[in-house]
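The values are calculated or read from the model by the stated rules, or taken from the named source; none is laboratory data. Everything quoted here is computed from the prediction, not taken from an experiment. Neighbour counts are summed over all protein chains in view; Cβ atoms, including those assigned to glycine, are modelled from backbone coordinates with ideal geometry.
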Amino acid sequence: MQFYDYVTQGVGLIGMALVFIAFQQNDKRRILWINAVAGLVFGLHFILLQAYTGMGMNLLEIPRNLIFARITEKKHQLIWTVGFIVIILLLGYITCDGSLFLFLPAIAMSIATIVFSLRNPRYIRFFSLPVSIFWMIYNILVFSVAGILTETFCLISIFIAILRFDILKKPTENQ
């Protein structure tokens, strides 16, 4: 590995640290704000990797999260959700170079955008699984070590939560 490669992966590790910090928040707005910053850092990471679909999806995460952090009405949330999904899919199509595997981040971001509109934690957990799996495949293809580590952490965390809240514990009305 050359110095450039270390810098590239180092930037990704900073993004990963921000994602970890976001996971520790108990406020949806703070989670969205911190993940917006992580999106900026991961956007830079993917630019350095010349992985443009990943870059585009992460940079789109910034306005999406900042807007979603402010939305209070369901009607407005639906309009923004549909709008972002259209933009995500168009940008994904433009940047994927015709490869389904390189289009996976666009599919993952579209699902994640829908997940942000859900209120039921059980659904959020289950629908987050394909998001992490699609990003994991993409990260392997573009050799994003930080991305692979981040998605590994996310998948382990999701599986633990499903085990704790959905399998071992009887669901409450909220779940």
Give just the number: which of (1) surrounded by 15 or more Cβ atoms within 10 Å (Cβ to Cβ); (2) within 29 Å of M1 (Cα to Cα); (3) of a type outside the set (D, E, K, R) does I107 not satisfy?
-> (2)
Exactly one condition in (1) of a type outside the set (F, W, Y); (2) free of Cβ contacts under 8 Å to residues at least 40 places away in the same chain; (3) closer than 21 Å to V145 by Cα; (4) touching a Ser or Thr at 6+ places or on another chain (Cβ under 8 Å) is not met by L102; state its number.
-> (2)
Under 6 Å by Cβ, and 6 or more places apart or on different chains, what pairs join a residue from the stretch 52-71 that is more than 14 Å from G83 (Cα to Cα) and among the acidic types (D, E) with one that is part of a helix (DSSP H, G or I) and at pLDDT below 95?
-> none
Which one of G83, G56 is part of a helix (DSSP H, G or I) and buried (at least 16 other Cβ atoms within 10 Å of the Cβ)?
-> G56
Log entry, pairs with first residue in the stretch 140-160 being on the phi > 0 side of the Ramachandran plot, second being surrounded by 15 or more Cβ atoms within 10 Å (Cβ to Cβ) and modelled with pLDDT of 95 or more, beta carbons closer than 8 Å, six or more apart or on different chains, reads F143/L49
Residues in the stretch 37-79 that are in contact with a Pro (Cβ under 7 Å, 6 or more places away or on another chain) and over 16 Å from F143 (Cβ atoms): how many?
-> 1
Quick check: is even one residue across the stretch 144-154 exposed (fewer than 15 other Cβ atoms within 10 Å of the Cβ) and either touching a strand residue (DSSP E or B) at 6+ places or on another chain (Cβ under 8 Å) or not in a helix (DSSP H, G or I) (or both)?
-> no
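Out of the residues in the stretch 113-143 meeting the condition of being part of a loop (DSSP other than H, G, I, E, B) and touching a Lys or Arg at 6+ places or on another chain (Cβ under 9 Å), tell me which one is surrounded by the most Cβ atoms within 10 Å (Cβ to Cβ).
F116
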Quickly run through the stretch 106-127 and pick out the residues that are among the hydroxyl-bearing types (S, T, Y) and farther than 24 Å from Y52 by Cβ.
-> S117, Y123
Of the residues in the stretch 117-157, those that are more than 13 Å from the chain's Cα centre (by Cα) and among the aliphatic types (A, V, I, L, M) come to L118, I137, I140, L141, V142, V145, A146, L149, I156
Surrounded by 16 or more Cβ atoms within 10 Å (Cβ to Cβ), β-branched (V, I, T), modelled with pLDDT under 90 and not in a helix (DSSP H, G or I) - does that describe any residue in the stretch 162-171?
-> no
The lone exception for G92 - which of (1) among the small types (G, A, S); (2) in contact (Cβ under 8 Å) with a residue 24 or more places away in the chain; (3) more than 19 Å from L32 (Cα to Cα); (4) not in a helix (DSSP H, G or I) it fails = (4)
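Name every residue in the stretch 95-112 that is part of a helix (DSSP H, G or I) and farther than 17 Å from I67 by Cβ, in order of residue number.
T95, L100, F101, L102, F103, L104, P105, A106, I107, A108, I111
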